[in-house]
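Every number here is computed from the coordinates shown, using simple stated rules; none is lab data. What you see is a predicted model, and the numbers here were worked out from it, not measured in a lab. Note that each Cβ is placed from the backbone with ideal geometry, even for glycine, and that neighbours are counted across all protein chains shown.
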Amino acid sequence: MEVPMLKTHRRSLEFDSLEGKVLLSTAMADPAATVHRSAAKAFVLNGSVQGLPTGSFVSKGLEVKTFPVSGHLGSMGKVTGWFLLSDKLVTRGEMPDLGNSLLLVTDQKGSLLLGIKPSTTHRYSFQIIGVTANYVSVSGSGFLTVAPSPTTFNLVITFHSARH
């Protein structure tokens, strides 16, 4: 009996060039994730709060450690809060210096802690530096301005969130 000869082909290892080809990543190929990202609403703190610093009178002005505020801040809605001032002296006839201070704002869902950077004007940068559980995925920054209220003795602090 004769054994048939098997034909074998030798192939060399070849690589296709990827130049000019389009590759999709898995993130791009997941339409549900893309829709979810575009449907997510940005968290903003645009709005204002009002408050009146109170404390002890000293020769140069008012010694203030904290002062309460309330108002409406964008995505949070109605809020209450407290400024924890770094510079505790509010000189007579001047606005309080909010630089290096903290602002704790709270709504019915939770709280945010904002760090406020120093400024030579009454326009300060802020950044969210702490959150409670319901705001765990929230981050943001922006600026705030301080001005006297035209109708009350309060100060009006106006917030503008930065786009992220």
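Of Tyr124, Tyr135, the sequence from fewest to most neighbouring Cβ atoms within 10 angstrom is Tyr135, Tyr124.
Counted residue by residue at 0.36 nm each, then reduced by the alpha carbon distance between them, the extension gain from Thr91 to Ala147 reaches 18.6 nm. What are the semi-axes of the equivalent ellipsoid of the range 43-161, taken as the square roots of 5 times the eigenvalues of the Cα gyration tensor, listed largest first and rounded to whole Å? Semi-axes from the Cα gyration tensor: 24, 14, 13 Å. Size check on the range 119-164: the Cα extents along the three principal axes, sorted descending, read 37, 23, 16 Å.
The stretch between His160 and Ser48, if pulled fully straight at 0.36 nm per residue, gains 39.4 nm over its current Cα-Cα span.
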